[in-house]
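The structure appears right after this line, and notes come after that.
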Amino acid sequence: MADPEEKKDAAGSAEAEPAPKRRRRASKPAKAAKATKGKEEKRETPAVKAGQVHVYSLGGDVVKTIDLPTVFRSDIRLDLIRRAVTAFQANRRQPYGPGIGAGMRHSVRWSGKGHGVSRVPRLRGTMTGAQAPGTVGGRRAHPPRPDTVWAKKINEHERRLARNAALAALKDPQMVASRGHRFPDDVTLPVVIEDGIETLTPESGATREGLKILNHLGLMHDVERAKDGRHIRAGRGKMRGRRYRQPRSVLVVVKEARTVRRLLGNLPGVEVVSPAALNAEVLAPGGDPGRLTVFSEGALEVLRSWPP
């Protein structure tokens with residue numbers, strides 16, 4: 001027969017087995033409680049209606065909510081944007097071509113028929129061909145002409161509609177992300193910041209202050225993308241004064257562009273302009289709409305007088 005003490009030990013061990021299970025069950029709600037506590041500590045941004053955006057402070061906090069100007073309700077016409085950007089690029093093109101009489105400044109002659117050689121104008125006293133397009137050392141057959149007109153015309157109404165269409169694309173997160181821009185998911189587009197950025201004039205370290213502002217808004221990742229994307233151009237252009245290609249980053253629209261340019265003008269890919277300088281090419285570089293843009297509150301008020 002089994003010893004009574006062994007029975008007690010067996011019974012005691014059997015009763016002690018479910019104890020660890022109780023501990024494991026008790027630990028699960030504790031983890032859930034910690035997770036909910038972390039969610040409560042996370043800052044939540046207030047929701048906005050369609051056609052509204054947040055106004056952010058220099059520290060990245062939401063100050064208030066405002067309505068976008070009516071020009072942001074324009075139709076996004078990709079055809080007009082491409083047409084206007086192509087016209088801007090064509091009007092900047094510089095005509096080029098050879099000089100008058102290039103390749104024709106030789107004393108050549110044709111020896112005539114019956115000499116057993118091709119009928120090619122040759123330099124006098126030699127057998128070297130010259131001046132004819134089909135000979136080695138001859139002129140070009142169809143060179144580029146310096147009198148070619150590369151400019152393209154576009155109606156003023158079409159140009160204005162293209163600008164408004166590029167403005168309307170700024171508020172679409174999908175179009176902005178399709179251009180490769182990086183921005184937080186909870187930020188409202190276009191980003192609107194208070195007017196204190198235009199009066200900020202640090203005596204030293206102006207670019208450092210500008211970096212802090214972009215970091216608070218969560219836009220530093222896009223500036224880093226533009227910095228890492230700088231590369232040497234392919235082709236002959238790298239030997240003609242345009243060696244590098246620089247991706248476009250944040251566009252900053254303020255009323256006093258000269259003051260804010262001290263803060264953000266040296267950052268790679270960042271442009272600082274006034275509302276009067278906005279056009280389809282600045283808002284949609286290369287004809288692709290949806291550039292990541294930061295407006296000051298005063299600059300956004302200027303756009304309220306623009307018809308859609």
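Values quoted throughout were computed directly from the atomic coordinates according to the rules given, and no laboratory measurement underlies them. These figures come from a predicted structure and were not determined experimentally. Because the Cβ atoms are built from the backbone with ideal geometry, glycine has one as well, and the counts that use them run over all protein chains shown.
Odds and ends about this structure:
- Net charge contributed by nearby residues that have their C-beta within less than 14 Å of residue 207 (K/R +1, D/E -1): +3
- Shown for 303, 123, 251: other C-beta atoms within 10 Å of each C-beta, ranked fewest to most, produce the order 123, 303, 251.
- A cut-off of 5 Å between modelled amide H atoms, ignoring neighbours fewer than 5 places along the same chain, links residue 272 with 252.
- When both bridge partners sit in the chain, DSSP labels roughly 50% of those beta bridges antiparallel.
- Taken about its Cα centre, the chain carries a charge dipole of about 2720 debye when Lys and Arg each add +1 at the Cβ and Asp and Glu each add -1 at the Cβ.
- On full extension, the segment bounded by residue 151 and residue 79 gains 24.1 nm, given 0.36 nm per residue less the C-alpha separation.
- Close amide-amide hydrogen proximity is noted between residue 191 and 293, 295, each under 5 Å apart and 5 or more residues distant or on a separate chain (H modeled in the peptide plane; Pro and chain starts excluded).
- For the residues 97, 51, 218, a GNM of the chain with alpha-carbon springs under 10 Å puts the largest fluctuation on 97.
- Rounded to the nearest 10 degrees, the inclination of helix 156-168 to the longest alpha-carbon principal axis of the chain is 30 degrees.
- Highest-MSF residue in the chain out of 46, 133, 95 [GNM, Cα springs under 10 Å]: 133
- Considering only 100, 169, 192, the residue lying farthest towards the positive end of the dipole of the chain is 100, judged by Cα position with unit charges set on Cβ.
- Karplus-derived HN-Hα couplings along the range 188-198 (A = 6.51, B = -1.76, C = 1.60, θ = phi - 60°), whole Hz, x at Gly and Pro: 8, 10, x, 6, 10, 10, 5, 6, x, 5, 7
- Euclidean distance of C-alpha centroids, the range 194-266 and the range 62-80, integer Å: 24
- With neighbour counts taken as other beta-carbon atoms within 10 Å, the residues 197, 66 rank, fewest first, as 66, 197.
- Entries of 171/227; 171/255; 152/227; 49/171 with Cα pairs more than 22 Å apart: 171/227; 152/227
- The residues 238, 255, when put in order of fewest to most other Cβ atoms within 10 Å, stand as 238, 255.
- Rg to Rh, two decimals, where the chain supplies the alpha carbon set and Rh follows Kirkwood: 1.35
- Per-residue Karplus couplings for the range 85-100, computed as 6.51 cos²θ - 1.76 cosθ + 1.60 with θ equal to phi - 60°, are listed in order as 5, 4, 5, 4, 5, 5, 6, 8, 5, 9, x, 8, x, x, x, 5 Hz, Gly and Pro entered as x.
- Report summary: the helix-based calculation at 222 nm, which adds -39500 (n - 2.57) for every DSSP H run with n ≥ 4 and divides by the residues of the chain, gives -10500 deg cm²/dmol.
- Sequentially through the range 124-134, phi angles give Karplus couplings (6.51, -1.76, 1.60; θ = phi - 60°) of 5, x, 9, 9, 7, x, 7, 6, 7, x, x Hz, Gly and Pro residues having no value and appearing as x.
- Structural descriptor for the range 87-130: relative contact order 27 percent, calculated from alpha carbon pairs under 8 angstrom and at least 6 residues apart.
- Calculated FRET value between residue 186 and residue 92, using beta carbons and R₀ = 22 Å, to 0.05: 0.05
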